[in-house]
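Right, one structure below, let's go through it.
The values are calculated or read from the model by the stated rules, or taken from the named source; none is laboratory data. This is a predicted model, so every value here is computed, not measured. Neighbour counts are summed over all protein chains in view; Cβ atoms, including those assigned to glycine, are modelled from backbone coordinates with ideal geometry. In case anyone asks, the SASA skips ligands and DNA or RNA and just uses the protein heavy atoms, side chains included. Shrake-Rupley method; radii C 1.70, N 1.55, O 1.52, S 1.80 Å.
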Amino acid sequence: MAEPAYTVASDSETTGEEKTYTLPEIAIGIDIGTSQCSIAVWNGSRVELLKNTRNQKIMRSYVTFKDDIPSGGVSSQLSHEGELLSGATVFNMKRLIGRVDTDPVVHASKNLPFLVQTLDIGVRPFIAALVNNMWRSTTPEEVLAIFLVELRALAEAQLKRPIRNVVLTIPVSFSRFQLTRIERACAMAGLHVLRLMPEPTAVALLYAQHQQQASHENMGSGSEKIALIFNMGAGYCDVAVTATAGGVSQIKALARSTIGGEDLLQNMMRHLLPDSENIFKSHGVKEIESMALLRVATQDAIHRLSSDNNVQVDVDLGNGVKISKVVDREEFEEVNRSVFEKCESLIIQCLQDARVEVEDVNDVIIVGGCSYIPRVKNLVTNICKVKELYKGMNPLEAAVCGAAVEGAVASGINDPFGNLDLLTIQATPLAIGIRADGNNFVPVIPRNTTMPARKELVFTTVHDNQTEALILVYEGEGNKAEENHLLGYFKIMGIPAAPKGVPEINVCMDIDAANVLRVLAGVVMPGSRQPAVPVMEVRMPTVEDGHGWCAEALNRNYGATLDLVTIQKKA
Amino acid sequence: MDALLLSSFQCLPWLSSTKQQRHYSHMHLSCRATKVECESNFYKVLSVSPKSATMDEIKRAYRSMALQYHPDVCHDPSMKEESNRMFVQLNAAYETLSNPMLRQQYDSQLGLSVSHDYSETSLRSLWEEEQHQVVVELKTRSRRRMEQKANRMRAPTRRKDRN
């Protein structure tokens, strides 16, 4: 192990698919979960999950830093629980990647048994592992790259070929900035991202394949089927409604949230030890060990509550703090009531957005680690008014299998039996728009727009003789601009002098099938057919971390002098 | 002016199956392609009958077209951008025609579209101009593919401009 654990193959973001177009190499599917990861490939006739040397298909997503060489959960021989106690093990990075230290999700990660330090100024948090009594700093990208290197080595050893192209599953709620961080991690691991697929849409593709195979067997025409997919893992909860027929899965709506098993766990830890945050605040070696012990005991209790009605929790956290308590399932559900309510509202919202009545849903699919929790199962079946959930999918493997199928489809692999005559028609998970009409967020491409998409809106100036306008591009669902993620900005110059409301500023957004976003803006004066100044085209995101600062600085320097308003459409 | 309007999708051979009259010359280029001109092709885009197409037929047409023209099934990198464009158009047609209310609105608009004012200039028309060359290329390729599939499609015929 003399070679470095990873190499930086490319510092730039991925540049598109054209560069790697050679002979079809089957891209592999990777599911990097908040707590677990897996890897799968289309083997010519079906999806095969690859196992590590310990014969595991589902591996833990963590990295332990030791001396010089970090090792991840893919290759590590030691038990995860044991390694947690030392503070040298870093995990849950999928929750932290691409987030700034003002983000509530980052704050919720501060009682993990390693260091997550926040300064609350809108920069990336400081993350470190305790190695030989020293805090060794790391980044979520680095940690993900370490697993990816291990997963790649595992696949290369088993498939006996170099691996470059991958399809990765991602949470629906990832912002475009977070996607660039995932791409960066892949680039560090020498992997090229063919597709970043929202997890429930990967499941939808697998479902489309099932339906296609079933309709082949029955020789039936295969009428349209509506499926609701509920995916809840450790870090995120997503819902998708998809319409499937003839191998085409059309995503009708997506709903997303950053709640997951981690929240259930933290609520439960707080319930067992109400003052835990203060007790662990100092992050000393002893505290880290106590935090890890509490975490392991609580996690174990939650797992057992999936089958038992009550469990005994006995743990000695050291320093005289002992927990000995019986917890029953009702208590667990009460402590996490808000999490479950959020899950319910996501399903209702997704059905509404898809304009689908509950009665029209043919199949309800529930996947992810939390699908084993009885309360989660119940809430899904209750809202969807079904007795039975869809069978035939392993809840922990469905997403990675879907990614592997997409890998084969996107690599242009043909299957003689038509098992790969599939297509997912994706929809945008978040709205993209600009700041206009004061401090409002005006979506140009609304949420759940079919991709590839191209939409335009016309804006105009707010001041007489306004010659410049600032285009601030945001992604999100908030009504106010600052509630959303700033993706980038640019200034239009040289607007011909005219009374306010006269120049037409055309803002167009284009998302191609590779999910690349381009923003175009042009100025047209009434009576003219030609743009008054050259059209500007900007590929986004352009903003690096610290986007909170950017927006504030722009606001401070320019105020409302370069504002725009929407033009009210004549009926 | 000799308004030779081009909607980048109108000229594709798979659109020419329905017998719609009142056609503009499709081999010519103009930056004045208008919204109405694009929209007047929604039924053609999906190759369904304006009068009798049922929701089911529209859905089926959309899916089969998607399987042929979605950029994900296009593995020639040089054609990616064009298949993007085509799919966006396919979607626009589907979104309108698969929504009964929008379809009704659109149908009545179709009846009025002759008298519509062509002054609207948009960025879209500028791109269409840029894209003219590639569209012609794509057309050729697409036609070849459809011929291979040996069905209803015919090579496009040049029609006289009505002006």
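Here are some notes:
- Taken over chain A, the ratio of Cα radius of gyration to 2.2 N^0.38 Å equals 1.01.
- Helical mean residue ellipticity (222 nm; -39500 (n - 2.57) per DSSP H run of 4+; nearest 500) of chain A: -9000 deg cm²/dmol
- Karplus-based coupling profile of segment A:369-376, in residue order and whole Hz: x, 6, 5, 7, 7, x, 4, 5, with θ = phi - 60° in 6.51 cos²θ - 1.76 cosθ + 1.60 and x standing for Gly or Pro.
- Spin-label pair A:Lys480-A:Val533: with each label point 7 Å from Cα along the Cα-Cβ axis, the two points sit 3.0 nm from one another.
- Packing-based ranking of A:164-171, A:179-186 yields A:164-171, A:179-186, ordered from highest to lowest mean Cβ neighbour count within 10 Å.
- Cα-derived Rg over Rh, computed across segment A:152-257 with Rh taken as Kirkwood radius: 1.06
- Once the mean of 1/r is taken over each pair of separate Cα atoms and inverted, segment A:420-571 shows a Kirkwood hydrodynamic radius of 16.0 Å.
- Ranked by how many other beta carbons lie within 10 Å on average, peptides A:517-530, A:481-494 from highest: A:481-494, A:517-530
- Spin-label zone in segment A:365-407 - amide nitrogen under 16 Å from a point set 7 Å from the Cα of A:Val358 along the C-beta vector: A:365, A:376-389
- Using a cutoff of 8 angstrom between alpha carbon atoms and counting only pairs six or more residues apart, the relative contact order for segment A:261-335 works out to 27 percent.
- Distance-filtered residues of segment A:36-60 - backbone nitrogen under 12 Å, label point 7 angstrom along A:Arg164 Cα→Cβ: none
- Net +/- balance of residues flanking A:Ser61 in space, Cβ distance below 10 Å, scoring K and R +1, D and E -1: +1
- Computed extension gain for A:Ser45 through A:Ala108, at 0.36 nm per residue and net of the alpha carbon distance, reaches 18.3 nm.
- Partner chain coverage, peptide A:501-509 - average Cβ within 10 angstrom: 1
- Contact residues in segment A:453-480 (at least 10 Å² less accessible area with all protein chains than alone, 1.4 Å probe): A:Arg454, A:Lys455, A:Glu456.
- Cα lying deepest toward the dipole's positive end in segment A:431-566, options A:Ile511, A:Pro541, A:Ala431, charges on Cβ: A:Ile511
- Under the simplified labelling scheme, the A:Trp135-A:Glu277 pair shows an inter-label distance of 1.9 nm, with each label point 7 Å from Cα along Cα→Cβ.
- Surface accessible to a 1.4 Å probe, per residue, for the residues of chain A, Å²: 41
- Degrees, to the nearest 10: A:140-159 long Cα axis against longest axis of chain A: 70
- Spacing of the modelled spin labels on A:Asn515 and B:Ser98, each 7 Å from Cα toward Cβ, amounts to 2.1 nm.
- Listed pairs A:Lys110/A:Lys286; A:Lys225/A:Lys387; A:Lys387/B:Lys59; A:Lys281/A:Lys322; A:Lys57/A:Lys110; A:Lys342/A:Lys391 exceeding 20 Å between Cα atoms: A:Lys387/B:Lys59; A:Lys57/A:Lys110; A:Lys342/A:Lys391
- Around the amide H of A:Leu564, modelled in the peptide plane, lie the amide H atoms of A:Asp437, A:Gly438, all under 5 Å away and 5 or more residues distant in sequence or on another chain.
- Interface area, B with A, accessible, probe 1.4 Å, both sides summed, Å² nearest 100: 2800
- Averaged over the residues of A:416-427, the number of partner chain Cβ atoms lying within 10 Å of the residue Cβ comes to 2.
- Extension gain, A:Tyr372 to A:Asp316: 0.36 nm times the residue separation minus the Cα-Cα distance gives 17.4 nm.
- Added length on full extension, which subtracts the Cα-Cα distance from 0.36 nm per residue, A:Trp549 to A:Lys500: 14.7 nm
- Here the Karplus relation 6.51 cos²θ - 1.76 cosθ + 1.60, evaluated at θ = phi - 60°, turns the backbone of segment A:489-506 into coupling constants of 7, 7, 10, 8, 10, x, 5, x, 4, 6, x, 4, x, 8, x, 9, 9, 8 Hz, with x for every Gly and Pro.
- Accessible carbon and sulfur surface of segment A:261-335 relative to its total accessible area, %, 1.4 Å: 45
- Relative contact order, whole percent, for chain A stands at 14, derived from Cα pairs under 8 Å and 6 or more residues apart.
- From phi via Karplus (6.51, -1.76, 1.60), per-residue ³J(HN,Hα) for segment A:470-486 in Hz, x at Gly/Pro: 9, 9, 10, 9, 10, 10, x, 10, x, 6, 8, 3, 6, 7, 10, 7, 6
- Considering only alpha-carbon pairs that sit under 8 angstrom and 6 or more positions apart, the relative contact order computed for segment A:431-566 is 28 percent.
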